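Structure first, then comments.
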Amino acid sequence: MKTYIVPLEAGNHASKTEVGGKGLSLLWLAQQDFRTAPGFIVTTAAYVDDQLEEAKTQPQIEEAIRVAYRGVGGRVAVRSSMVSEDSAEASFAGQLDTHLNVEGEDAVAQTVRACWASMSNPRVSEYIKQRNGNFDMALAVVVQKMVEARAAGVAFSADPITGEDAVVIEATHGLGDVVAGGLVTPDRWVVSTDGRFLEPPMYSSNTPALTEAQAIELAGILRQVGKKAGSPQDVEWAWDGREFILLQARPIATLQDRDTYSSRFITEMVPGMVKPLVWSTTTSTITGNVFAYIFDELLGRGKVDASKLIKRIYARVYVNITLLGAACEKLGLPANFFETLTRGERPTNVRKSFLSFNNLPEKFRLMRFVWRNSRAARRIERFILRRHEELESFRRLEISALTQEELLTALDQLKTDHGETQRYVILTAINMSVRNRMLGRMTRRAAPEVMPGDLLGGSSPSHALNANRALLEMAALVREMDDAAKQTILSGDLDAIHAALNATEAGKSLLAAMTRFIAHFGFLSANGTDFSLPAWRETPSMLWQMVGRLAGQQQPSLSDAAERKTRALAKVRASLSPFKRMRFNRLLAATLQYLDLRERVSALISEDAHLMRRVYLALADQLTAQGALEARDDIFFLSYEEARQLTRGALNAEEAKRLIAARQFEWAKDAEFDPPEVVRGGASARRRGIVEEEKSSEVLTGISGSAGVALGRARIVRDPAHAPQNLSREDILVVPFTDVGWTPLLACIGGIVAETGGQLSHTAIVAREYGLPAVVSVKRATQRVREGQRLLVDGGEGLVYLNHGATETERI
């Protein structure tokens, strides 16, 4: 039996060929629990049968419309819903009829026929002719109760011009069709992903259609629509004085063919801004060294164009999540598979059937890949040992004595070897993340009150803390010295430090310890992937100040983390059967093993970067002496190939200087810009700031990094070399990210908030070892928090309370 009516209810399902584009979007909105106006859809089957003028079916169709209308009653809107509307070829916007304030059974039945008749309108025929398309001309009709709108309009879940991840809202008083039709100048808001205004709101009168709070609420709804739809959406909406009602949702036509780029899961691997030389030498090579390697094995050689997977936008690294998501879905994995591993996100767009005849080859390759790489610990261990042996020749190399050609040869070798290290750091991270996710699921089922992160703390010795332990040992020596020596060390004056310490045996022992420390850990820096930044061996003053600062603080104890781990383990194990307890123990041991391996391979990444820096700077010194560069650090604003061409004379020195000057100017502008987390098509987002609001209370959300609660004053640090000398347990460190080079700061604070990272990030690992409450992945924390502001950090819940107002400064 044919279906002529489909009620607009969450439990109903239909295809686009049955209900048209508009009808399908309204059914989808209802299914996703968004608020829509009650009503029904007259299906395409009714239109087809009516056009065939079958006398026996026309009364049935009319009676079905009347019965459906009785269930709605009152004034309704009657709108055409063509099967081909809102397609990639044509939107048909404004071409078909819409009738408002229709009331009564007879009027509704007649108006439905008027919508059908609009298909023969000359403007529709001309529209189709101009587009020379092959369109499905079947028509459904949507009938919905009229919304008594106090305000209405259109909104976009992404900027329709730039693709920026910002909600754009346009509104007017009363009905919103005048906004869609361009008949009035609407009020306008542009809202960021974290609910702030990117531009001052624009009002067409003294009485805005919405309050700022309502605009922010609507923006939140739009983000959910876009997220659930899996693409940016153009939404018609109305406000009835109580809540927002969605009238239509469709993909934003201008963005349909653009890939989406996100910085979300890549920021922990490559945090912050990236200079051209770093990008072209190491960062961009991740595509070939890692992603191409993985997807060639999983999907077949060349099936994914890995060169398009990452892009440098406003000097930051973005991943093409359209391409990456499509590759993951071919394997039956969620499109956001990597985000689920690194950030703990919920899987999206999961395919119902993991196995099907259509994807059996991909499933076979995936299972083979998992089998080969899920037990890779011994292989990774062997690689680490082999890589250290290979690096030894570079460590002993007198780089300053090499010729330019020898320096280029050394760079080529380092670049090639670094590619293998990149593969192993990803392999290790995936193994670690998958096991941690399984461990967390098992823990929550067995003992919901246990924080899974507590199981990973107190696991000393950890390679993440080796450098810090050495610094703490030197700090212990400083504590035994007189106040004059302590002050000299805190000053960072190298000549004064050496003079003071050489005067005593204890001082000479400290000098020797620092020499050993630099020899072993001198390659570390604020960012282990960025070789444009100075390494510790280049900033000995900072190291001495670190030691002096640690000497003035109480030495951190690892006992709290160890005790929490012991209690957590006891609760989980007591809730498990003997067999499950054995599985749990093996899973925990494997997670900790890969956690430690990840830190060791990450250290190799840092040392590779440091050696590249030494070679590049030796090359830059020679080029500067020749007049090809103005200053040695200018080389970081050339690409890898440009540096080679300049060295060999293929690039003119003046042209190189022009390129460098232009990129330095662009770099300065980018440094002042806070780019969106998501952009479409690599389009340039507008360089605009946040319109700040003064709020007496606000909560920032992130990911739980380490459990516990801390109350204190915010200390914003963007570079550990410039950290305040007076950090204490009363301070909450607010940072963009942390690397091994940041670890000493964590030994003398009360808590930490980081803009990037997940539960297995360096920040979270070290915070758990020191028993520090930590919240990671807090968007724009260094900008939204003010220096000295009172913060309460709830590490267990992943929340940061601003302007907390309490006066005590001790840890809770």
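Give the residue from MET474, SER433, ALA496 lying farthest towards the positive end of the charge dipole for region 362-508; charges sit on Cβ (+1 for Lys and Arg, -1 for Asp and Glu) and the dipole is referred to the Cα centre. So the residue we want is SER433. Solvent exposure of region 604-662 amounts to 39 Å² per residue of accessible area, where only protein heavy atoms count and the probe is 1.4 Å. Assign one of three labels to region 467-558, namely rounded, prolate or oblate, based on the Cα gyration tensor with a ≥ b ≥ c the square roots of its eigenvalues; rounded applies when a/c is under 1.5, prolate when it is not and a/b is larger than b/c, and oblate otherwise. Cα axes put region 467-558 in the prolate bin.
Computed extension gain for GLN413 through PHE369, at 0.36 nm per residue and net of the alpha carbon distance, reaches 13.0 nm.
Distance between the modelled labels on HIS13 and ARG379, one decimal in nanometres: 4.0 nm (7 Å Cα→Cβ projection). Calculated from the structure at hand, P(r) over Cα pairs in 10 Å bins from 0, in percent is found among [x] 2, 9, 12, 12, 9, 7, 6, 5, 5, 5, 5, 5, 5, 5, 3, 2, 1, 0; [y] 3, 14, 25, 26, 19, 10, 3, 0; [z] 2, 11, 18, 21, 19, 13, 8, 4, 2, 1, 0, 0 as [z].
What dipole magnitude, in Debye to the nearest 20, does region 467-558 give about its Cα centre under +1 on Lys/Arg Cβ and -1 on Asp/Glu Cβ? Provide the component values of the computation, followed by the final result.
Numbers: 7 positive and 9 negative charges, 47 e Å.
Around 220 debye, computed over region 467-558.
Here the accessible area is traced with a 1.4 Å probe on the protein chains. For the chain, carbon and sulfur cover 52 percent of it. Relative to the longest principal axis of the Cα atoms of the chain, the long axis of helix 404-446 makes an angle of roughly 60 degrees. The per residue volume of the convex hull around the alpha-carbon atoms of region 699-801 is 74 Å³. In a DSSP loop and with at most 13 other Cβ atoms within 10 Å, the GluC sites (Glu not before Pro) in region 455-552 are GLU480. What do you get for the angle between helix 212-229 and the principal long axis of the chain? Use alpha-carbon atoms, 0 to 90 degrees, nearest ten. For helix 212-229, the angle is close to 90 degrees.
Per-residue extension of 0.36 nm, minus the Cα-Cα distance of ASN502 and GLU103, leaves a gain of 133.9 nm for this segment. Each of MET269, MET546 has its accessible area taken with a 1.4 Å probe; listed largest first, they run MET269, MET546.
Under the simplified labelling scheme, the ARG386-THR566 pair shows an inter-label distance of 4.2 nm, with each label point 7 Å from Cα along Cα→Cβ.
Hey, can you rank 330-337, 315-322 by average C-beta count inside 10 Å, highest first?
Working: 330-337: 19.8, 315-322: 22.1.
In decreasing order of mean packing, 330-337, 315-322 become 315-322, 330-337.
Dipole of the chain (Lys/Arg Cβ +1, Asp/Glu Cβ -1, origin at the Cα centre): which of GLY548, GLY174, ALA568 lies farthest to the positive side? Among GLY548, GLY174, ALA568, the one farthest towards the positive end of the dipole of the chain is ALA568.
Using +1 on the beta carbon of Lys and Arg, -1 on that of Asp and Glu, and nothing else charged, what's the dipole of the chain about the Cα centre, debye to 20?
Here the size comes out at about 2840 debye.
Working from label points 7 Å from Cα in the Cα-to-Cβ sense, the SER393 to GLN555 distance is 4.2 nm.
Report D for region 601-657 in µm² per second (integer): Stokes-Einstein, Kirkwood Rh on Cα pairs, 4 °C, 1.567 mPa s. Numbers along the way, then the final one.
Working: Rh = 11.8 Å.
Answer from the Stokes-Einstein relation: 110 µm²/s.
When its C-alpha radius of gyration is set against 2.2 N^0.38 Å (N residues), region 151-255 gives a value of 0.96.
Kindly rank 735-743, 719-727, 245-253, 107-115 from highest to lowest mean number of other beta carbons found within 10 Å of each residue.
Values: 735-743: 24.3, 719-727: 16.1, 245-253: 21.8, 107-115: 20.0.
Answer by packing, highest mean first, reads 735-743, 245-253, 107-115, 719-727.
Toward the positive end of the charge dipole of region 151-255, with +1 on the Cβ of Lys and Arg and -1 on the Cβ of Asp and Glu, the farthest Cα among ALA213, ALA249, GLY195 is that of ALA249.
Angle of helix 105-117 to the longest C-alpha principal axis of the chain, folded into 0 to 90 degrees and rounded to 10: 70°. Computed extension length for MET438-SER205: 78.3 nm, one decimal, from 0.36 nm per residue of separation with the Cα-Cα distance subtracted. A 1.4 Å probe run over region 151-255, with the rest of the protein chains in place, finds 38 Å² accessible per residue. The convex hull of the Cα atoms of region 228-294, projected and averaged over all directions, covers 8.0 nm².
GLU672 to GLU641: FRET efficiency via 1/(1 + (r/R0)^6), r the Cβ-Cβ distance, R0 35 Å, to the nearest 0.05?
Efficiency computed from Cβ-Cβ geometry: 0.75.
The values are calculated or read from the model by the stated rules, or taken from the named source; none is laboratory data. All values reported here derive from a predicted model rather than from experimental measurement. Cβ coordinates were reconstructed from backbone atoms using ideal geometry, including for glycine residues, and neighbour counts include every protein chain displayed. Ligands, DNA and RNA are excluded from the accessible area calculation, which covers all protein heavy atoms including side chains. Shrake-Rupley method; radii C 1.70, N 1.55, O 1.52, S 1.80 Å.
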